[in-house]
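Since the structure comes first, as structure tokens, the remarks are kept for the end.
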Amino acid sequence: MNDMATTTAVRASSAGEGSRSPQEDLPELVIRPRRGWISVNWAEMFHYRELLYFLVWRDVKVRYKQTVLGVAWAVIQPLFNMIVFTVIFGGLAKIDSEGLPYAVFVYAGLLPWTFFATSLTQGGQSLVNQGHLLTKIYFPRIFVPAAVIGGALLDLAISFGIYGLILAWYGCAPSWQIIYLPLLVLWTAVATLGITVGMAAFTLIFRDFRFVLPFLVQTWLYLSPVVYPVSVVPERYRWLLALNPMTGIIQSYRSAILGRPWDLQSMLVSIAVSVGLLFFGLFYFRRTERRFADIA
């Protein structure tokens, strides 16, 4: 099913009013595909909003259920990556960190990256994992990958708190430009949503791709300026790096939090690519959604 338009009709007996049975008076729900490329039934999504909240919290609880440390894993994962990257790239490889302590530099990049990677890895497999829901009841199918992104937002909020402690440890004061962070988080969520919903639909149809997805995300990490600054990339190749939507996002997080210069050109390219991926992801999701119940 796609984003569906619903209408309600009452069954009428051809024999007349007096010959109706109680079953014939029951309302009949008819679900039809909506028209348009990327039509979104906002009224329907608002109607089901409580289900989205439930799916978000369910995703969070299931993710950390029966683990000893529980939600602490949201802190441990980026911290562990920060330590490993600091030792290997900051200590051994001596990667430039733009005059900042390498831990401060790399964690600023890990904030949006961890959110993106978690959402894409888990959200990209969400329709496969929740196939039993797709065949039983009707609800906006986009809620399934969107719920994963909502849960990752909670992890991101926790990571911001940890980063505040890291900045205090190294004696680094955040820039006043940190006020732009809500807009940057929104931008990150938009880019992530477009890629994740498209990947979720693709993985449901081509099941083998769920085994490729973790390797894709790992490769994407090193194609993004998480562990290195853009300045280490030869200038003639930077336009390719700018086509990666995470490039502008990661640079903007560092600019907002640490007061680094803003790369407006990279930002504009990244925003354009993010919006394009959002429309493409929604378009592909819509085109394939009517098959979900049959193949889930």
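Nothing in this text is a laboratory measurement; each read-out follows from the coordinates by a stated rule. Computed from a predicted structure; not experimentally measured. Glycine gets a Cβ as well: all are built from the backbone with ideal geometry, and neighbour counts include every protein chain shown.
If neighbour count is taken as other Cβ atoms inside 10 Å, put LEU181, LEU264 in order from fewest to most.
LEU264, LEU181
How far apart, in nanometres, would the label points at LEU154 and LEU240 be if each is projected 7 angstrom from Cα along the Cα-to-Cβ direction?
Roughly 4.0 nm, to one decimal.
How large is log10 I(q)/I(0) at q = 0.13, 0.17, 0.21, 0.22 Å⁻¹ when the Debye formula is applied to the Cα atoms of the range 163-295, each weighted equally and without solvent?
For the requested q values the scattering log ratios are -0.66, -0.99, -1.26, -1.31.
Label-point separation (nm) for ILE83 and GLN177, each offset 7 Å from Cα along Cα-to-Cβ?
Placing both labels 7 Å along Cα→Cβ, they lie 3.2 nm apart.
Pulled fully out, how much extra length does the chain show between ARG287 and ALA168, if you take 0.36 nm times their separation in residues and subtract their Cα-Cα distance?
Here the segment from ARG287 to ALA168 would lengthen by 38.0 nm.
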